[in-house]
Structure formats: C-alpha cells, structure tokens
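**Student:** Before I ask anything, here is the structure I am working with.
The values are calculated or read from the model by the stated rules, or taken from the named source; none is laboratory data. Every value quoted in this text rests on a predicted model; they were computed, and no experiment measured them. Methodologically, a virtual Cβ is constructed for each residue, glycine included, from the backbone with ideal geometry; neighbour enumeration extends over all protein chains shown. Please note that ligands, DNA and RNA were not included when accessible areas were found on the heavy atoms of the full protein model with its side chains. Shrake-Rupley method; radii C 1.70, N 1.55, O 1.52, S 1.80 Å.
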Amino acid sequence: QVQLVERGGGLVQAGGSLRLSCAGSGRTFATLVMGWFRQAPGKEREFVASISWSGASTYYADSVKGRFTISRDSAKNTVYLQMNSLKPEDTAVYYCAASGRLGSSPREYNYWGQGTQVTVSS
C-alpha cells in the first residue's frame, strides 16, 4: 500500500511561483511512476506531469510545458512540482498519484493523495 500526502498549495498572484511536494510512504515508492494531475471546478481531472521511477524521464501537458518542472528525491520518498509563471487558468486542486507504468490517464494511476488547492489571482 502507498500513501501520498501533498503540501504546498496556496494563493498566488499571476506570474508567481509555488512548489508542491508529495510525500509517499511504502517500500515500493521508489519503483513507482509518479504523476501530478489537477481538477478545476466543473472540469475533468487532467494530466499535468509525470516522472519515471528513476527520474530520468519526465512528461508534461502542453499547457504547462516550460513553466512547470517535476522532480523526485527517492531518498526522501518525495516528488515535487515547481510551478513558475502561474496563470489564473492554473487554478485547481492538484493531486499527486502513483502508478506502476508511465501514462497520462488518471485511470492508469492506482494511488492518490488528498489534493491541495492552488489559486492564482489575476
């Protein structure tokens, strides 16, 4: 079993930055693909970024490419999402998730955190 806890959400002005973290527990954490998703009110949950178990491969949604960076520290069982140049349309609840394989569909992820709210004001 893997448990995930996100931290770092908050309110920021457009153009600002936030760093989200996701702490995982469980012996298999280091072998899992980790992803970040987000869900805005009235919208479906959407893929933001993912990182392979080794950290060597990363993938991003087009909407965040060049602004967001996903990374992981396996020694700390933690995954990060650095978000720069934030826009009001980035406002959403952000979730981290774990999967046994790389993918961008929420259905491919088995474990989920509780989510953290990110609000970007204009």
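**Student:** Is there any pair linking a residue in the stretch 3-18 that is closer than 16 Å to Ser71 by Cα to one that is among the basic types (Lys, Arg), with Cβ under 8 Å and at least six apart or on different chains, and which?
**Tutor:** Matching pairs, first to second residue: Gly8/Arg19.
**Student:** Within the stretch 32-53, work out how many residues are of a type in the set (S, T, N, Q) and under 15 Å from Gly103 (Cα atoms).
**Tutor:** 2
**Student:** Find the residue count for the stretch 50-63, including only residues that are open to solvent by less than 80 Å² (accessible area, probe 1.4 Å), of a type outside the set (Ser, Thr, Tyr) and either in contact with a helix residue (DSSP H, G or I) (Cβ under 9 Å, 6 or more places away or on another chain) or part of a loop (DSSP other than H, G, I, E, B) (or both).
**Tutor:** 2
**Student:** Something else now. Looking at the stretch 105-117, can you tell me whether even one residue there is of a type in the set (Phe, Trp, Tyr) and part of a loop (DSSP other than H, G, I, E, B)?
**Tutor:** Looking for residues that are of a type in the set (Phe, Trp, Tyr) and part of a loop (DSSP other than H, G, I, E, B), one finds at least one in the stretch 105-117, hence yes.
**Student:** Keeping to the stretch 104-122, report how many residues are open to solvent by 70 Å² or more (accessible area, probe 1.4 Å) and within 13 Å of the chain's Cα centre (by Cα).
**Tutor:** 3
**Student:** Let me ask something else. Condition first: without any contact (Cβ under 8 Å) to a residue 60 or more places away in the chain, more than 24 Å from Ser122 (Cβ to Cβ) and of a type in the set (Phe, Trp, Tyr). Can you find one or more residues in the stretch 40-55 that meet it?
**Tutor:** yes
The rows are residues; the columns are (1) surrounded by fewer than 17 Cβ atoms within 10 Å (Cβ to Cβ); (2) among the acidic types (Asp, Glu); (3) part of a strand (DSSP E or B).
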| site | (1), (2), (3) |
| --- | --- |
| Val12 | no, no, yes |
| Arg19 | yes, no, yes |
| Gly66 | yes, no, no |
| Val93 | no, no, yes |
| Cys96 | no, no, yes |
| Leu102 | yes, no, no |
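**Student:** Considering (1) within 13 Å of the chain's Cα centre (by Cα); (2) closer than 16 Å to Val5 by Cα; (3) open to solvent by 10 Å² or more (accessible area, probe 1.4 Å), say which one Phe47 fails and leave the rest.
**Tutor:** That leaves (2) as the condition not met.
**Student:** Name the pairs whose Cβ atoms lie under 9 Å apart, with the first residue in the stretch 98-116 and closer than 16 Å to Asn77 by Cα, the second among the acidic types (Asp, Glu) and surrounded by 18 or more Cβ atoms within 10 Å (Cβ to Cβ), and 6 or more positions between them or separate chains?
**Tutor:** Final answer for the pair search is Gly113/Glu6.
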